[in-house]
Each structure stands twice: as C-alpha cells, then as structure tokens.
Amino acid sequence: MPLTCVVLSALVLGLAGRWWWVLDLFSHFRLQYAVALGALAMVLSVLRWHKLAFLAFAGSFAATVSIVSYTAAAAQPAQATAGRFRFATFNVFYLNEDLARIGAGLESMGVDVVALQELDATRARALAKYLPSYPHAYFDAAHHYGAVVFSRWPILRSQTIELVPEGPRAAQVVLDWHGRAITVIGTHLHWPFGAHNTRLRDGALRRLVRLAATLPGPLLIGGDFNITSWSPRFQDALAASSLVDCARGHGLVATWPTFFSPLSIRIDHCLASKDWQVIGVRTGPSLGSDHYPAIAELTLRRQAALATPPPA
C-alpha cells in the first residue's frame, strides 16, 4: 500500500534531520505519523496484508513510545516557592491589525510577562494602549518580524541582542519580581525553508543556549522558534545546555497553525533555567494570528526563591 510506505519513509527521514534541512522538515509531525500508521495498520490487518500491517504497527508503536516518553510527567519533589509566575509567548502575525482583540486577549490571560513576535516598535506602541495591566515594556524592534516584551513588573535593564550576523535579534529584559531578578528573552527565529534560513535559525538557537550559560539567576526564553521538540536539531541544542523545555512532561500543546488542527505542531517554545519548576503549559485564545499564545506556569525552586536582584 503506497500510503503506508510514504508515511513510514517520512517518519524515518525525520530521524535524520540533523544532517540535511530538507530531512528536518519531516521530523515535526511525529504525532500525525503515529496516528496515521496506527490507522493504516488496522486497515491492512483487515485486508490481510499482514507483513505491511506489522511494519505500520511497528512504526506507530515506535513513534508513540517517543511521544509518551516526552509527554509523561516526571515526579518532582515539593519545593518552597515564591508564588507562581506566568510567562507567555505569542507570534501576533505581522498582517494582524486587530490590536484591540490582541490586547483584550492578552489581558484575559493574566500572565506576568509576554514576549511578542512579528511586531515592530510602532505597532508595539499602538498595542500598549490596549494593555493597561502591562505598564512596563521594551520594544526596540526595527522591522515587522521583531520581538518585544510587555511586563506587569518593573524592568531593571534591557537590551537587544543580535543572535547571529544577518540573523534574528532577541529582546532581553531583567525584571524585578517580588524583589527577585528574573531575566526574560523573547525572539523570533527564521523559518526552516532553505539551507540559508535553516542555518540562521539553528545558529540563533545555539547562540541562545550559549547565552543562557552566561546569565545568572532565573531565566526564561520564549518565542516562535520555527522548530518542534521532535527535531534532532532542537534536541541537540537542548542537550548541550542546562535549559529545560517547559512543555516536556506536560502533554502535547500545539501552537501552530490555528487554521488546520490536523497538522498542528508546537513551534512556539518556553525554555527555562533549572531555577524554575514548571507547573503546566497551555495555549491561550485565538487572537487573529496563525499562532496560538503559548503559556507556561512556573514557580521558583527553593534556592532561586531566596535570591534578590542586583542594583538596577
């Protein structure tokens, strides 16, 4: 059955994604492969194509095992905390002009800080009037693919970082949250079509990992990374760092595309330093973008909860 061979091939090709950008494109749809191969295995069994049914079942089983190992929650010891911190990242879509809807949606989510993408400084200022709960902001974004940060909490320091030459920039802020310094980085990595764009995306991801190792105290990185957790390139970057994928152990939370749920994948990520314990992740409401907001709820672990911010 040709369809079975196509889906099996796509699953296997995705596993080799670290060696060629085209193969990496196949890595992102592991859930879809698992479901499709499981359905095909049942159909082939009914048709008595037993060998092909076995191959389809084996592929579905292998994909499902990897999904379960990613989504299963690990037991975590109880920690003394300093309250819950909610962090959101959202690609607003550069053609989305309904700033009132975006503002109302973000206000309803009740997060502490939100990193927004595909927003330049002019539109960010216009959006600010719809975000009365977020009086602190940093928007040094020069073009419509920029990253900005809105916060309920005072911003002690801020800067824009060029992650790679000719590549994406990141907005970095240090917040004063209940007397504790929290570093937040928001960014928008390149889309994964073409060798050049993929190199810029992967280089920026590696730069974020290296940058995280140099920053003291609790850190959160969020944005549209244009890559899923199933990608070998994403996995390699995280393996070389001490960062935690906030979504790991908290189910499957797809963020894109809003317009066709059968192909939904998670490309909007939260990465956290080990100062944080992740309580849960979820998506926010549809706000006129092709992305859903991605929300992480966290709490500081005991040691980090005792730290105080340096002077501004």
Check your understanding: Roughly what angle does helix 30-46 make with the longest principal axis of the chain, taking Cα atoms, 0 to 90 degrees, to the nearest 10?
Key -> 20
Check your understanding: What is the chain's relative contact order, in percent, from Cα pairs under 8 angstrom and six or more apart in sequence?
Key -> 19
Practice item. Report ³J(HN,Hα) in whole Hz for each residue of segment 270-286, in order, from the Karplus equation J = 6.51 cos²θ - 1.76 cosθ + 1.60 where θ = phi - 60°; Gly and Pro get x. Key: 10, 10, 10, 5, 6, 5, 9, 10, 7, 8, x, 9, 7, 9, x, x, 6
Check your understanding: Which whole-Hz ³J(HN,Hα) couplings does segment 233-248 yield from phi under the Karplus relation 6.51 cos²θ - 1.76 cosθ + 1.60, θ = phi - 60°, glycine and proline marked x?
Key -> 6, 5, 5, 5, 4, 5, 5, 8, 10, 9, 7, 10, 6, 4, 6, 5
Check your understanding: If you line up the long axis of helix 99-109 against the longest principal axis of the chain, both from Cα atoms, how many degrees apart are they, to the nearest 10?
Key -> 90
Exercise for review: Please work out the FRET efficiency for the pair LEU95 and HIS178, using the Cβ-Cβ distance as r and a Förster radius of 35 Å; give the result to the nearest 0.05.
Suggested key: 0.40
Check your understanding: What are the ³J(HN,Hα) values, in whole Hz, obtained from phi via the Karplus relation 6.51 cos²θ - 1.76 cosθ + 1.60 with θ = phi - 60°, for each residue of segment 260-267 in sequence order, with x given for Gly and Pro?
Key -> 8, 4, x, 9, 5, 9, 9, 10
Study note, to complete from the structure: Farthest towards the positive end of the dipole of segment 84-305, among ALA141, TYR94, SER241 and with Cβ unit charges of +1 on Lys and Arg and -1 on Asp and Glu, lies the Cα of SER241
Study note, to complete from the structure: Taking Cα atoms only, helix 2-15 is inclined relative to the longest principal axis of the chain by an angle, in degrees rounded to 10, of 40
Review point. What chymotrypsin sites (Phe, Trp or Tyr not before Pro) in segment 188-276 are in a loop by DSSP, with at most 13 other Cβ atoms within 10 Å of the Cβ?
Key: PHE193, PHE259, PHE260
Practice item. Just need log10 I(q)/I(0) for segment 2-71 at q = 0.17 Å⁻¹, Debye formula, equal scatterers on the alpha-carbon atoms, no solvent, rounded to two decimals. Key: -0.57
Review point. Taking the Cβ-Cβ separation of ARG125 and TRP19 as r and a Förster radius of 45 Å, what is the calculated FRET efficiency to the nearest 0.05?
Key: 0.55
Review point. To the nearest 20 debye, what is the magnitude of the charge dipole of the chain about its Cα centre, counting +1 on the Cβ of each Lys and Arg and -1 on the Cβ of each Asp and Glu?
Key: 640
Review point. What residues qualify as long-range amide H neighbours of TYR130, i.e. H under 5 Å apart, gap of 5 or more or another chain, H built at 1.01 Å from N?
Key: none
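From the P(r) of the chain, could you give the percentage of C-alpha pairs in the tail past 38 Å?
Working: 7864 of 48516 pairs.
When every Cα pair of the chain is considered, 16 percent fall beyond 38 Å.
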Review point. Spin-label point model (7 Å from Cα, Cβ direction): what's the SER286 to ALA195 distance in nm?
Key: 3.9
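Every read-out reported here was derived from the displayed coordinates using simple, explicitly stated rules and does not represent laboratory data. Note that the structure is predicted; figures quoted are calculated from it, not measured. Positions of Cβ are generated from backbone atoms using ideal geometry, with glycine treated the same way; all protein chains shown enter the neighbour counts.
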